[in-house]
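Data block below; observations after.
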Amino acid sequence: QAVMGGVSGVLSGFFLLALGTFGLWGAFRQAEWMYDAAATQGGGPGATTRELMRTNNVAGVRAQQAQLGKIKRNRLSARFAQTDARGGFAILWREVVIQLRLKGAWSVVFMSLMIVGGAYVLTLPRFRNSLVPVYIYMGGSLYFIGLIAFATAMMSFIEVLRKVELTKALPFSPSQVVRSEVVAKSINGVVLAIVFYAVGFAFRPDAWELMLTGLILLPTFVVMTTATSFLVAVLFPDFEDPTQRGFRGLMNLLGVVITVGPFLVFPVGALFLKLSPLAAVPFSLAIGAVITVGAILWSGQLYADYNPSE
C-alpha cells in the first residue's frame with residue numbers, strides 16, 4: 001500500500017506539472033494577441049462602464065446596461081409606466097418604474113430570504129414562550145432594513161445631484177423636489193418594513209405590542225435616514241474626489257448615529273421600565289418628524305443654490 005501510495009503521488013505530481021506546462025504554453029501562444037485585445041477593450045461601452053464604476057455612478061451603469069439591451073422590461077414595470085402621473089407624484093412614479101425595472105426580482109428574492117430567516121428566529125422551539133426572539137427580530141429588522149435604506153439613499157442621491165440642471169427646469173420648488181425625492185427613495189425600505197412586521201404578527205401574535213411598535217417606527221426611521229442622507233449628500237457633493245467621497249460616507253454614518261439615538265431612547269426606556277412600548281411611540285414619531293422636516297428644509301435651501309459646475 002505504501003508503494004502504491006508513492007506511485008499515485010508521483011503520477012499526480014507529474015499530471016499537475018504537465019497540465020501547468022501546457023497552460024503556460026497556451027498562454028504564451030496567445031501573448032501576441034494581448035495588445036490587440038487591450039486596444040479593443042480600451043474604448044467603447046467597456047471604457048464607459050469602468051469610468052462610471054470609478055465614480056460610483058451605479059445608476060449610470062444600470063442605464064448603460066439598459067441601453068445595450070442587457071436589462072429587459074418586465075410586465076409590472078410596463079403596466080405601471082402607462083400610469084398618468086402629474087405634479088410631485090410624477091417623481092414617485094419615476095422612482096417606482098426605475099426600481100421595478102432594475103431590481104424587482106432581486107427585491108423579491110431578498111425579501112423572501114429575510115422573511116424566511118425572521119420566521120425561523122420567531123419559531124425557535126427553545127424560546128417559544130419568550131420574547132427574546134422578538135427582540136432579535138426587531139433588532140435585525142432595524143439593522144438590515146436601515147442598512148438597505150442607507151445604501152439606497154447614498155447611491156440614488158448621487159444621481160439626483162448629477163441631474164440637478166434637468167430637475168431645476170421642472171415646475172417644482174426645491175423643497176418639493178427634495179421632499180418628493182426623499183419619499184421616493186424610501187419606498188423600498190418602507191414596503192419591506194411593512195411586509196416584515198406583517199410576518200411577525202402572523203408568527204407571534206402574542207407580542208402584538210412590540211410588533212405594532214416596530215410596524216409604526218421602522219418606516220419612520222427609513223424616511224428619517226433617507227432625509228439625513230440627502231442632507232449629507234448636498235453638503236458634500238463632490239463625487240469625483242475620493243477623499244470627500246470617503247468623508248461623506250463617514251458623515252452619513254455619523255448622521256445615522258446622531259438621529260437613531262434620540263429616536264430609540266423612548267421605546268428602549270419603556271422596555272427597561274417594563275412599560276408598554278406603544279406609550280413611547282408618539283415621542284419617537286415627534287422626534288422623527290422634527291429631524292425629517294428639518295433635514296428636508298435645510299436640504300431644500302442648499303439644493304436651490306447647488307451648482308454642479310462650482
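The values are calculated or read from the model by the stated rules, or taken from the named source; none is laboratory data. Since the model is a prediction, treat every value here as computed from it, not as a measurement. Cβ sites come from the backbone with ideal geometry, for glycine too, and all protein chains shown count toward neighbours. Protein only, heavy atoms only, side chains kept; ligands, DNA and RNA dropped before computing areas. Shrake-Rupley method; radii C 1.70, N 1.55, O 1.52, S 1.80 Å.
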Open item on the list: Kindly evaluate residue 267 against the criterion of being assigned to a helix (DSSP H, G or I), free of Cβ contacts under 8 Å to residues at least 60 places away in the same chain, open to solvent by less than 20 Å² (accessible area, probe 1.4 Å) and not charged (D, E, K, R).
Closed with: yes
Open item on the list: Being in contact with a Phe, Trp or Tyr (Cβ under 8 Å, 6 or more places away or on another chain), assigned to a helix (DSSP H, G or I) and open to solvent by less than 10 Å² (accessible area, probe 1.4 Å) narrows it down to one residue among 214, 189; which is it?
Closed with: 214
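State the number of residues belonging to the stretch 131-174 that are assigned to a helix (DSSP H, G or I) and either closer than 19 Å to residue 199 by Cβ or open to solvent by 50 Å² or more (accessible area, probe 1.4 Å) (or both). Step through it out loud before you land on a result.
Going through the stretch 131-174, the residues assigned to a helix (DSSP H, G or I) turn out to be 132-162, 164-168, 174.
Narrowing the set further to residues that are either closer than 19 Å to residue 199 by Cβ or open to solvent by 50 Å² or more (accessible area, probe 1.4 Å) (or both) leaves 132-149, 154-155, 162, 165-166, 168.
Result for the stretch 131-174: 24.
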